[in-house]
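See structure below.
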Amino acid sequence: MKFALAVYGAPANSQAPQSALHFARALVAQGHEIVRLFFYQDGVNTATAIAQPPQDESNLSEEWQQFVQAHNLDAVVCIAAALRRGIVDQAESDRYELPGHNLRKGYELSGLGQLLDGALMADRFITFGA
Amino acid sequence: MSTLHTVTKPGQVMALCARAVVSGDSVLLIEDAVYELLSPPTGLNALPDSCSVYVMDIDARARGVEVSAPFEVIDYDRFVSLCVDNEKVLSWF
Amino acid sequence: MSHSVCVISSRAPYSGQSAREALDMALVSASYDIETSLLLIGDGVYQLLKGQETGQIPRKNLAAMLQVLPLYGIDTIHVDQVSLGERGISSDVLQEGVTVLAEGELPLFIQQHSRVFNF
């Protein structure tokens, strides 16, 4: 079955990215297909490359990236939500002349239409909110 | 056509969810919503009798919340199965 | 199959970005020519209060933004009567273009859409 997942909470102040990762792993293990992963609202913080949780805590951003890359997932970060919260790739950093960029590899910045599109093409759409 | 409702917070969020549930739907408590089992269960009591209520095992354990019948403890594999078995999934948070 | 979308917005207008980002979702959906409903429940009903003046806070006026919905083909905003009642809000302090869903109408209203986005 085709699934689309949306994540609306950040690793530092919600459990949403963690619950979503548990769910995504179970989906893949059962042979389901994840047609789109969409990070919106504070969920865009999951895609930052520069958060450093203390060593005795798991690095969810890193775990998510490894999962996305291992399964070659279509992982989209909402561009408007990301810009508002300081998550940018090289192109946006150049466009706004920012001092750096921090979007992890494996993610694409794109519009909200990708969330809609993902939900419409999937058999099931699941949101992990905060 | 049935719906799986996932609930992430107790109290007002649970109560809102309960108002959208109809007979034959299922409800899954995850994250802080497992605390709903400790509080006076106003939201849970508002659910139709025919509605199954599931509780995410790791979230209840993490918070020291004990789960007993009629509530069923489940893992993520079962969460996936519930998504397949219901036509729609609604998330309340 | 032709789709219809229900966007459920349940947060107050200026506490975070949720209300704004839910509205954006409704606008995107409607602009794709998909039949789209916006449903305000819980604290989301506060978005509809008349007389919001946001000049002194660094946020766009959400009530004003809701008024553009008809231009996108969303002719009415649906609002949950129970949520209004719980907050002591009578429908005469709400802006125009609102349809109140009576107690008990909520499940059927939500279910008649093929996709639901909860915020």
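A few remarks follow.
- Label-reachable residues, segment B:57-93, where backbone N falls under 17 Å from a point 7 Å from residue A:30's Cα toward its Cβ: B:57-58, B:72-91
- DSSP-defined beta bridges in chain A - what % are antiparallel, rounded to 5: 5
- Accessible surface for residue C:14 stands near 60 Å², nearest 10, in the context of the full protein assembly shown (1.4 Å probe).
- Across chain A, the fraction of Cα-Cα pairs farther apart than 17 Å, rounded to a whole number, is 54%.
- Each Cα pair under 8 Å and six or more residues apart adds its sequence gap; the mean of these over the residue count of chain B is a relative contact order of 38 percent.
- Shape descriptor for chain C: Rg over Rh equals 0.94 (Cα atoms; Rh from the Kirkwood inverse mean 1/r).
- For segment A:35-84, a Kirkwood radius taken over Cα pairs fed into Stokes-Einstein (37 °C, viscosity 0.692 mPa s) yields D = 282 µm²/s.
- Residue B:50-residue C:54 pseudo-label distance in nm [points 7 Å out on the Cα-to-Cβ vector]: 4.4
- Note on residue A:121: accessible area is roughly 80 Å² with a 1.4 Å probe, heavy atoms of protein only.
- Lys/Arg +1, Asp/Glu -1 at C-beta; segment B:3-92 dipole; positive extreme among B:81, B:16, B:65: B:16
- All distinct Cα pairs of the protein assembly as shown go into the 1/r average, and the inverse of that average, the Kirkwood radius, is 20.7 Å.
- Percent antiparallel among DSSP beta bridges (both partners in the protein assembly as shown, rounded to 5): 5
- Kirkwood Rh and Cα Rg combined as Rg over Rh, evaluated for segment C:5-61: 1.00
- Of all segments of chain A bounded by GluC sites (Glu not before Pro) found in a DSSP loop with no more than 14 other C-beta atoms within 10 Å, the longest spans A:1-56.
- Around residue C:83: net Lys/Arg minus Asp/Glu count, Cβ-Cβ under 13 Å: -2
- Between the alpha-carbon centres of segment A:97-129 and segment A:17-46 there is a gap of 11 Å.
- Loop trypsin sites (Lys or Arg not before Pro), segment A:1-108 (other Cβ atoms within 10 Å of the site Cβ: 12 or fewer; DSSP): A:105
- Taking all Cα pairs closer than 8 Å and separated by 6 or more residues, the relative contact order of chain A comes to 37 percent.
- Only protein heavy atoms count here; on that basis, with a 1.4 Å probe, residue C:87 has an accessible area of about 40 Å².
- Relative intensity of chain B on a log10 scale, I(q)/I(0) at q = 0.13, 0.14, 0.15, 0.19 Å⁻¹, equals -0.35, -0.41, -0.48, -0.79, per a Debye sum over C-alpha point scatterers of equal strength in the absence of solvent.
- Segment C:4-118: relative contact order in percent, alpha carbon pairs under 8 Å with at least 6 residues between: 32
The values are calculated or read from the model by the stated rules, or taken from the named source; none is laboratory data. Note that the structure is a prediction, hence the values are computed from the model and not measured. Note: ideal-geometry Cβ built from the backbone for every residue, glycine included; neighbour counts use all protein chains shown. In case anyone asks, the SASA skips ligands and DNA or RNA and just uses the protein heavy atoms, side chains included. Shrake-Rupley method; radii C 1.70, N 1.55, O 1.52, S 1.80 Å.
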